[in-house]
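> Have a look at this one.
The values are calculated or read from the model by the stated rules, or taken from the named source; none is laboratory data. Because the structure is a prediction, the values reported are computed rather than measured. Cβ coordinates were reconstructed from backbone atoms using ideal geometry, including for glycine residues, and neighbour counts include every protein chain displayed. The accessibility values were calculated without ligands, DNA or RNA, using every heavy atom of the protein model including side chains. Shrake-Rupley method; radii C 1.70, N 1.55, O 1.52, S 1.80 Å.
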Amino acid sequence: PDPPAPDPDPAPTPTPAPTPVAPPLGVFGDPVPVPAPTRPRRTRLIVGSAVLAVALLAGGVTYAAMNLGGDKDDGKNTSSGKTGGSGQPDDDGTEEAAQPEEEDSSSPGTAPSATIEGAIADAYLGTWQGEGKDSEGNTLSLRRITITQGVEGEDVATTFNSFDDVLCTGAAELVSFDNLMVVESRAVSSIPEDSCSDGGEQTLRLRDDGSLIWTNDERGETAILKRTELSGTPVPAEFLGTWEREASEPGESMSLVLEQAAHGEVVATWTGDGPAYHCEWESVLVDATSTGVRLGPSVVTAAEPKDQCESGNTETLRLKSTDQLTVTTLGGEEEPPVAYRRAD
């Protein structure tokens, strides 16, 4: 966030200022096409009879065989990757326990085998992250998706997409899984509010190198997603603490407090003061690496007077030294990074 401008305008506008971060679940939703917001400025029975014990055991085996033999596929799983496992009646009408089916290797190019509980191949499960780019290679977003097991028609993924001026979160329903995975996503929440649209149909396909290629043809965006593990304490210790903006105007100040929190939670609070204003903002964590932190669009939490503070865009923080970092605001007018110095 930056402090408001001095006179002649009696209404100064502060503005926070965040740094680049290595590329982060929300929907693969796209930002709603609205004007970009201005920068801120966040059982046990013991049987005594051996005969009775034998009888019980025999009954148990019979029961299990009947149940396994009667467990039919409900027809919902259409994945070619699902393996068989339910027993089927013999020609004479009797049922027998399920036997594992032999793998069909006659179809080249099919997806990796999936577990019996769902349609999705195990190799697709987990959390993935990467940068979304257009056909010319320009970076449009930072996308993260967590894929869980399920069948067609069920929600099998959560998504988290960071754009220059919007942070979109959501869910994705499985449309199909065969040689590739097709999902339909919808928006769940956004920062700012009501700024994201449903993402529509997207595809994910496992590549030979173990990454996933994500595609949204309607948007014209593609992303190479790599498997990632989300830490419970993602912000590097070197970033934590209180920072003050350098070279502030006389009578004005801007401070940034960075605290530890999980992805999607508030980690940054900003405070801007001047002769005629007081502004506070907060930002959630999008992503963090050893050298950079990416914050979601800053949100005003206090403003005096009420019309003197504005919310801002996505910001990235980068360490220059142990006691200095820079804050870069994405989108909007291109401005140089703002320097902050450690105050604690």
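> With θ taken as phi - 60° and the coefficients 6.51, -1.76 and 1.60, list the Karplus ³J(HN,Hα) couplings across the stretch 208-213 in order, rounded to whole Hz; mark glycine and proline as x.
4, 7, x, 8, 10, 9
> Taking the Cα atoms of the stretch 189-344, what is the range of coordinates along each of the three principal axes, in descending order and whole Å?
Here the Cα extents, ordered largest to smallest, are 57, 35, 29 Å.
> Assign one of three labels to the stretch 122-213, namely rounded, prolate or oblate, based on the Cα gyration tensor with a ≥ b ≥ c the square roots of its eigenvalues; rounded applies when a/c is under 1.5, prolate when it is not and a/b is larger than b/c, and oblate otherwise.
Details: a/c = 2.01, a/b = 1.26, b/c = 1.60.
It comes out oblate by the Cα gyration axes.
> Here's another thing I want to ask about it. Applying 1/(1 + (r/R0)^6) with R0 = 25 Å to the Cβ-Cβ distance of T291 and D217, what FRET efficiency is obtained, to the nearest 0.05?
Numbers: r = 34 Å, r/R0 = 1.36.
E(calc), rounded to 0.05, equals 0.15.
> Tabulate in residue order the Karplus-calculated ³J(HN,Hα) for the stretch 334-342, using 6.51 cos²θ - 1.76 cosθ + 1.60 with θ = phi - 60°, rounded to whole Hz; enter x for Gly and Pro.
Those phi angles translate into 6, 10, x, x, 9, 8, 10, 10, 4 Hz.
> Further, regarding this structure: Convex hull over the Cα atoms of the stretch 279-344, averaged projected area in nm²?
On the way: hull surface 21.3 nm².
Taking the Cα atoms of the stretch 279-344, their convex hull projects to 5.3 nm² on average.
> Which whole-number value in Å² is the accessible area per residue of the stretch 210-254, probe 1.4 Å? The partial results should precede the final answer.
On the way: 2460 Å² over 45 residues.
Value returned for the stretch 210-254: 55 Å² of accessible area per residue.
> Kindly identify the stretch 167-261 as rounded, prolate or oblate by the Cα gyration tensor criterion: order the square roots of the eigenvalues as a ≥ b ≥ c, call it rounded if a/c is under 1.5, otherwise compare a/b with b/c, prolate if a/b is larger, else oblate. Walk me through the numbers on the way to the answer.
Numbers: a/c = 2.98, a/b = 2.01, b/c = 1.48.
Here the stretch 167-261 falls in the prolate category.
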